[in-house]
Each structure stands twice: as structure tokens, then as C-alpha cells.
């Protein structure tokens, strides 16, 4: 069987407000968990109790996700600020203080 290879490059990943997205999803999971609690008996009687615990697990994993993406965003900010601080000054060099330019201009003056 021939291996399939894509004919185009993969698109760049979207960078958005990841913390807000994960927080929104976590809130939805917890709201669903709380909305199902009054019907706990019905879920238990009909064999759907796993729905309740799935929502709780989604909320718990969402809390881990919030912790993770906040740390990731902070690490990206630190790396960007460190790269900015380590970058050399990009201003054009002063030609009057450049020794090679002075030597060339002094040789022509004579």
C-alpha cells in the first residue's frame, strides 16, 4: 500500500486567547455537572450515572488545563522578553565613530 503524503504544507496553528477558551469549556463542564445533580436518581436508575461523573471529570481536567495554559502563556511571555533584551541594538552605526570609515576618509583627504 502506497504511503499518503500531503500535497500542501500544514497551516500555522491559530494563536488566540487560549486561557479564555479553556476557562469557558471548564465552566460549561461544571455547569452541566451541577445541572445533572438534581436528577442523580434518574441517571442511576437508567444506567446513565457515568454522564454525571463525565461532567465532573471534564471540569476537573479543565482546571488542570487552565493551570497548564496559564503557565504556557507566562513562559512564552518570558521567552519573548528575554529575546528582546538579548537582541542587539538595531540602530544604524554612527559612521563618524566607525574606524574603517575614518581610515578611508583620512586617506582620501591628503
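Throughout, read-outs are computed from the coordinates displayed, never taken from laboratory work. No experiment lies behind these values; they were computed from the predicted model shown. Cβ coordinates were reconstructed from backbone atoms using ideal geometry, including for glycine residues, and neighbour counts include every protein chain displayed.
Things worth noting here:
- Once the C-beta distance of residue 83 and residue 14 is scaled by a Förster radius of 22 Å, the resulting FRET efficiency is 0.50 to the nearest 0.05.
- Per-peptide packing, taken as the mean over residues of other Cβ atoms within 10 Å, places 46-55, 23-32, 71-80 in the sequence 23-32, 46-55, 71-80 from highest down.
- Taking the stretch 17-80 and dividing mean pair separation by its residue count, relative contact order in percent (alpha carbons under 8 Å, at least six apart): 46
- A full extension of the chain between residue 74 and residue 61 corresponds to an added length of 2.7 nm, given 0.36 nm per residue minus the alpha carbon distance.
- Distance from the C-alpha centroid of the stretch 1-48 to that of the stretch 49-71: 10 Å, rounded to the whole angstrom.
- Cα gyration tensor, the stretch 17-80 - rounded (a/c under 1.5), prolate or oblate: prolate
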